[in-house]
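S.K.: Mind having a look at this structure? Questions to follow.
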Amino acid sequence: MRTRLVVLHVLVLTMLVVLAVRLWQVQILRGDEFVHAATETRTRAVVVPAVRGQILDASGRPLVRNRTALVVSVDRTELIRMKDGGAAVLKRLSEVLGSPVKLLERRITPCGPRVTRPCWPGSPYQPIPIDLKATTREALQILERQEEFPGVTAEVQAVREYPGGKAGAQMLGYLQPVTQDELDKREGLKAGFSGVDLVGRDGVEAIYDHYLRGTPGLRRVQVDRMGKALGVEKQVAPVPGDTLITSVDARVQNIVEKAVDGAMKKAPKADGAAGVVLDARTGRVVALASAPSYDPAIWTGGISEKEYQRLLSERAGKPLVSRAIKGEFAPGSTFKVSSVSAMLRAGYPINGTYGCPGSFMVGSRAFNNFRGIGLGSLTLHTALVKSCDTIFYKAAYEQWIKDGGLRPKKPPKERFANMARAFGFGRPTGIDLPGESAGRIPDRTWKKNLWAATSADNCRRARIGYPEVTDRSRAAFLKQLAHENCLEGYLLRPGDAANFSIGQGDVLVTPLQLASAYAALVSDGKLRSPRIGWALVRPGGQVVKRIDVPVRGKLPLSPSERAYIKNALSQVASDGTAAGAFSGFPMDKVKVGGKTGTAEVWGKADTSWFASFAPTSKPRFVVVVMVSQGGMGGSTAAPAVREIYEGIYGLKGQPPAIPDTKLPTIRSDGTVAR
């Protein structure tokens, strides 16, 4: 018995010693560590997103603004950790929001190759907004019963709103959640990421994203064991994003949108259109429209698979794509300003007289004037006004021969191609928008590169032909063409040079490139990179940054040569190929100059162009309209340009829409001083 008592005493003493040592470790040795851990369990760090900056027009009218909304978000990571994968929480959430459980599950599922929208395209480690239009009642049900909705939050957040609807949708861009790849790769993004931030995916939203996003704040909230908020322990206010003031005029933008939409409706086969208005003096963008368009609000709250596919579909006209900066089209006769300039640099006399026959033999093939009509002897001035083709065929053919023809000299001068590059064709304008196309200048180097990339396929087609083409004559033509390209596809043929001179064949430009080239021609000869952004302003009114328009080149023409070409173009709307479209237009008030273009496209209707400027004496605006499959330039594009000028100058009884030239003033309260 005594032995047992001794053993028991030893055990009790041992346990007391162990307990004492453990208490010493917890309270003394690791006391600070456990105090910190205990504090962390009753506080929650909440990153507060910054309000994204507005996008305003040149007068301070909102193009993109914010509205407040109750947003319900779900932390998918927390749901996955639950035994049932969060099924019970989603079921309760479904009852509160009135949304099917399956829809909620789809909204929080990460997007992937086999996952259709709606799905979550952002980082899987951030809260996922599932309802951007929650009512106060729904939010309170979630917040007051937080123990039933772990991982679910309801907060007031700013949501993007587009007062102009479809107007300028591709130019403005849209927002999407931050992806994990972006967080990992984009420098500085992760440090300033709030967890619910969106980033610009297109348009100026993407280009100026860093300035618009602002800096998130931090709020430490005391919570109980059920996660209910008890009070705020610490708070650092977020810094709102800067306001982007653009040179776009909302009134002119609406006028252009209406004009290009109307032009498409008038042309039965039209499948797309674009309108560009530049300030000829500064190179700033006044309006940039592309049709068909779409309402960017479609992205807010998640887009469905059906809606997303419609934005990308050929049948709907790919409304997500801006034809103004990404669409590449043969420019037709609007390109002749470059060809006339090339002739002047090649030594053709500016005051000379040139024959304009109904056709001209280029090698062994006849190249016809429009409808085969000859116009006699013309000056270069009249050749532009009446749009004679054969004068340019002849000049281009002569320069092709001087370069050595099919056996080119080293290096060939390529007068026409090099002048086109001097006008800015064949490379992006550098506008402050993403995804701009470069166009195409098909010179001898381009032909060689194309042949290297396609010769194998051409040689194969030369052997097997085109059995899938049902039209036998068409199939035979394609087989013969493949045979020629297989053997000599690297050669620039005389027909290629002739077509190039009138903006046909393989030459492609964008509407913005054409507008930029005309702005340089009719102003000071300087080729500029157009800018939409004008200034970045703090919400309190301080100007953070003025956005200048860079000069990227200068036309290789003298002031007198530029004036000669401008004067010729000044007669096109009154006495030339656009006279019908401008019949009755008050030229005494606003004289319009320009050039029509009708570009042939195989298997489609012609592309309709009109590139213009006004007033001709001292141009302020350059307006370009392009209608794909719109027919003749004087019949479709020119009337649309007329409608734009009538709207800008108020020539039909409505108030004029002349854009402001002075930066609007933002008051300290964020409002605009008018």
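The values are calculated or read from the model by the stated rules, or taken from the named source; none is laboratory data. These numbers were taken from a predicted model, which means no experiment stands behind them. Glycine also receives a Cβ, built like all others from the backbone with ideal geometry; neighbour counts cover every protein chain displayed. Areas reflect the complete protein model, heavy atoms only, side chains present, ligands, DNA and RNA absent. Shrake-Rupley method; radii C 1.70, N 1.55, O 1.52, S 1.80 Å.
S.K.: Restricting to segment 308-319, give me the number of residues that are open to solvent by 70 Å² or more (accessible area, probe 1.4 Å) and within 27 Å of Thr109 (Cα to Cα).
M.R.: Counting residues in segment 308-319 that are open to solvent by 70 Å² or more (accessible area, probe 1.4 Å) and within 27 Å of Thr109 (Cα to Cα) gives 4.
S.K.: Inside segment 504-527, can you point out the residues that are in contact with a Gly (Cβ under 9 Å, 6 or more places away or on another chain), at pLDDT 95 or above and either farther than 16 Å from Ser333 by Cα or part of a loop (DSSP other than H, G, I, E, B) (or both)?
M.R.: Gln504, Val507, Thr510, Ser516, Ala519, Ala520, Val522, Ser523, Lys526, Leu527 - these are the residues of segment 504-527 that are in contact with a Gly (Cβ under 9 Å, 6 or more places away or on another chain), at pLDDT 95 or above and either farther than 16 Å from Ser333 by Cα or part of a loop (DSSP other than H, G, I, E, B) (or both).
S.K.: Scan (1) open to solvent by 50 Å² or more (accessible area, probe 1.4 Å); (2) in contact with a helix residue (DSSP H, G or I) (Cβ under 6 Å, 6 or more places away or on another chain); (3) not acidic (Asp, Glu) for the single condition Ser338 breaks and write down its number.
M.R.: (1)
S.K.: Quick one: which residue in Leu278, Leu244, Leu212 is outside any strand (DSSP E or B) and not small (Gly, Ala, Ser)?
M.R.: Leu212
S.K.: Something else about it: If I ask for residues that are open to solvent by 10 Å² or more (accessible area, probe 1.4 Å) and either under 14 Å from Tyr645 (Cβ atoms) or not in a helix (DSSP H, G or I) (or both), which ones from segment 250-261 would you list? Please lay out each step first, then the result.
M.R.: Just the residues of segment 250-261 that are open to solvent by 10 Å² or more (accessible area, probe 1.4 Å), to begin with: 250-251, 254-255, 257-258, 261.
Arg251, Ile255, Lys258, listed by residue number.
S.K.: Would you call Ala297 outside any loop (DSSP other than H, G, I, E, B), in contact with a Lys or Arg (Cβ under 8 Å, 6 or more places away or on another chain) and surrounded by fewer than 19 Cβ atoms within 10 Å (Cβ to Cβ)? Working first, answer last.
M.R.: Working: outside any loop (DSSP other than H, G, I, E, B): yes; in contact with a Lys or Arg (Cβ under 8 Å, 6 or more places away or on another chain): yes; surrounded by fewer than 19 Cβ atoms within 10 Å (Cβ to Cβ): yes.
In short, yes.
S.K.: Of these, Ala568, Ala579, Ala605, Ala640, which one is under 20 Å from Ala657 (Cβ atoms) and either at pLDDT below 95 or small (Gly, Ala, Ser) (or both)?
M.R.: On the way: Ala568 fails: under 20 Å from Ala657 (Cβ atoms); Ala579 fails: under 20 Å from Ala657 (Cβ atoms); Ala605 fails: under 20 Å from Ala657 (Cβ atoms).
The match here is Ala640.
S.K.: How many of the residues making up segment 71-85 are in contact with a strand residue (DSSP E or B) (Cβ under 8 Å, 6 or more places away or on another chain) and open to solvent by less than 40 Å² (accessible area, probe 1.4 Å)?
M.R.: 4
S.K.: Now, a different point. Regarding segment 602-611, can at least one residue be identified that is free of Cβ contacts under 8 Å to residues at least 12 places away in the same chain and farther than 21 Å from Ala519 by Cβ? So that I can check it myself, show each step before the final result.
M.R.: Filtering segment 602-611 down to residues free of Cβ contacts under 8 Å to residues at least 12 places away in the same chain leaves 602-603.
Subset that is farther than 21 Å from Ala519 by Cβ: 602-603.
Within segment 602-611, one or more residues are free of Cβ contacts under 8 Å to residues at least 12 places away in the same chain and farther than 21 Å from Ala519 by Cβ.
S.K.: Conditions first: (1) closer than 29 Å to Gln399 by Cα; (2) surrounded by fewer than 18 Cβ atoms within 10 Å (Cβ to Cβ). Pro511 passes all but one, so which condition is the exception?
M.R.: Only one criterion in (1) closer than 29 Å to Gln399 by Cα; (2) surrounded by fewer than 18 Cβ atoms within 10 Å (Cβ to Cβ) is unmet by Pro511, namely (2).
S.K.: If you check Arg137, Arg160, which single one turns out to be assigned to a helix (DSSP H, G or I) and among the basic types (Lys, Arg)? Can you show your working first?
M.R.: Numbers: Arg160 fails: assigned to a helix (DSSP H, G or I).
Checking each option against the conditions leaves just Arg137.
S.K.: So is Arg365 within 20 Å of Glu414 (Cα to Cα) and among the basic types (Lys, Arg) or not?
M.R.: Criteria not met by Arg365.
S.K.: Give the number of residues within segment 403-421 that are under 30 Å from Leu521 (Cα atoms) and among the charged types (D, E, K, R).
M.R.: Number of matching residues: 5.
S.K.: OK, next. With the requirement that a residue be among the β-branched types (Val, Ile, Thr) and assigned to a helix (DSSP H, G or I), what does segment 528-563 give you?
M.R.: none
S.K.: Here's another thing I want to ask about it. Are there any strands (runs of 3 or more DSSP E) wholly within segment 564-656 with 3 or more residues that are open to solvent by 10 Å² or more (accessible area, probe 1.4 Å), and if so which?
M.R.: Because the criterion is at least 3 residues that are open to solvent by 10 Å² or more (accessible area, probe 1.4 Å), the strands (runs of 3 or more DSSP E) in segment 564-656 that meet it are 593-601, 604-614.
S.K.: If I filter segment 434-477 down to residues being over 27 Å from Gly332 (Cβ atoms) and outside any helix (DSSP H, G or I), which single residue comes out as most open to solvent (accessible area, probe 1.4 Å)?
M.R.: Thr470
S.K.: Consider Lys326 carefully, then state whether it is open to solvent by 40 Å² or more (accessible area, probe 1.4 Å), modelled with pLDDT of 95 or more and within 23 Å of Val64 (Cβ to Cβ).
M.R.: Working: open to solvent by 40 Å² or more (accessible area, probe 1.4 Å): yes; modelled with pLDDT of 95 or more: yes; within 23 Å of Val64 (Cβ to Cβ): yes.
In short, yes.
S.K.: Separate question: From the list Lys234, Lys265, which residue is over 20 Å from Ile648 (Cα atoms), modelled with pLDDT of 95 or more and surrounded by fewer than 17 Cβ atoms within 10 Å (Cβ to Cβ)? Walk me through it before giving the result.
M.R.: On the way: Lys234 fails: modelled with pLDDT of 95 or more.
Just a single option satisfies the conditions, and that option is Lys265.
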